[in-house]
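The values are calculated or read from the model by the stated rules, or taken from the named source; none is laboratory data. Treat the numbers as computed from the prediction; the structure is a model and nothing was measured. Cβ coordinates were reconstructed from backbone atoms using ideal geometry, including for glycine residues, and neighbour counts include every protein chain displayed. Just the protein is used for accessible areas: all its heavy atoms, side chains included, with ligands, DNA and RNA removed. Shrake-Rupley method; radii C 1.70, N 1.55, O 1.52, S 1.80 Å.
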Amino acid sequence: MLSLQLPGPTSVPFKILCIGAHSDDIEIGCGGTMLRLIAGNPNCEVTWEVFSSNHEREREARSSADLYLQSVARKQVIVHEFRDGFFPYDGAKIKESVEALKGTTPDLILTHNRKDAHQDHRVLAELTWNTFRNHLILEYEIPKYDGDMGQPSVFVPLEADLYHKKVHFLMEAFSSQRNKHWFQPETFLGLMRLRGMECNSPTGYAEAFHCRKLVL
Ligand SMILES: [Zn+2]
């Protein structure tokens, strides 16, 4: 299969916007892809925005962003305190926060899947598309109890050091989540192994995304 490549080193900053409802969503959905993008281009500029948190979750979100973005010179980490589970009812304020990101003029946006079973995730997916009208948007996937895993269309194969680092950082940064029955390395590795199988990844591991529009 013809492989379209992620951008390599660029002379002008390659701007990436990561949007996540909860403090660990970006890392679960696209942590490996972010590590690969950053490793491939020292000139990345990242805006990393988390919408729901409390005191502990904000601390975890910020220390996790420090791990994933440690080699990124230009980065902006924004953590809001919108109420977990209530995004559809806090829509106006959340929309204003997404609209405020317009000025970041991203080359690539990584956000939630429009068909995600979690209402907070869906709100952010819809607002991403409402706000960014002429951009490349990839929608990442979050495994969950509800069971909404679909059929993604874009795959990012990951080298062994990157998918191991993704899981290691997740387990290190989010100690408050370790008592959840699903927050285990096997969950994250298992999904990446399935996606790696589906795209014939050389290492067997990959992350996958839903892409609704792509201009060649
Ligand atoms: Zn979430």
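Of all lysines in the structure, those lying under 18 Å Cα to Cα from Lys15, and not within fewer than 8 positions of it along the same chain, are Lys75, Lys102.
If you add up the charges near Pro157, with Lys and Arg at +1 and Asp and Glu at -1, over every other residue whose beta carbon is less than 14 angstrom from its beta carbon, what do you get? Write down the numbers at each step before the final one.
Details: positive: Arg36, Lys166, Arg193, Arg195; negative: Glu159, Asp161, Glu198, Glu207.
With Lys, Arg at +1 and Asp, Glu at -1, the neighbours total 0.
Relative contact order of the chain, please, whole-number percent, based on alpha carbon pairs below 8 angstrom and at least 6 residues apart.
Working: 374 pairs, mean separation 47.9, N = 216.
Reported as a whole number, the value is 22 percent.
Note on segment 137-216: Kirkwood hydrodynamic radius from all Cα pairs is 13.5 Å, rounded to one decimal. Based on every Cα atom in segment 55-153, Rg and the maximum pairwise Cα distance Dmax equal 14.3, 38 Å. Amide H contacts for Lys15 (H built 1.01 Å from N in the peptide plane; partners 5 or more residues away or on another chain; cut-off under 5 Å): Glu45, Asp107, Leu108. Averaging Cα coordinates gives a centre for segment 196-210 and one for segment 72-99; these two points are 30 Å apart. Spacing of the modelled spin labels on Leu189 and Leu136, each 7 Å from Cα toward Cβ, amounts to 3.1 nm. Over the chain, accessible surface divided per residue gives 50 Å², non-protein components excluded, 1.4 Å probe.
Within the accessible surface of the chain, defined with a 1.4 Å probe on protein heavy atoms only, the carbon and sulfur portion equals 52 percent.
Straight-line cross-link partners of Lys144 among the lysines, defined as a Cα under 20 Å from its Cα and at least 8 positions apart when in the same chain: Lys115, Lys166, Lys180. What the Cα atoms of the chain give is an Rg and a Dmax of 16.0, 46 Å.
So, by mean Cβ neighbours within 10 angstrom, what's the order for 152-158, 82-88, 45-51 with the highest one leading? Please report the intermediate quantities before stating the final value.
Numbers: 152-158: 20.1, 82-88: 15.3, 45-51: 23.4.
Those peptides, ordered most packed to least, come out 45-51, 152-158, 82-88.
Summarising the overall dimensions of segment 1-59 from its C-alpha atoms, the Rg and Dmax are 13.7, 46 angstrom.
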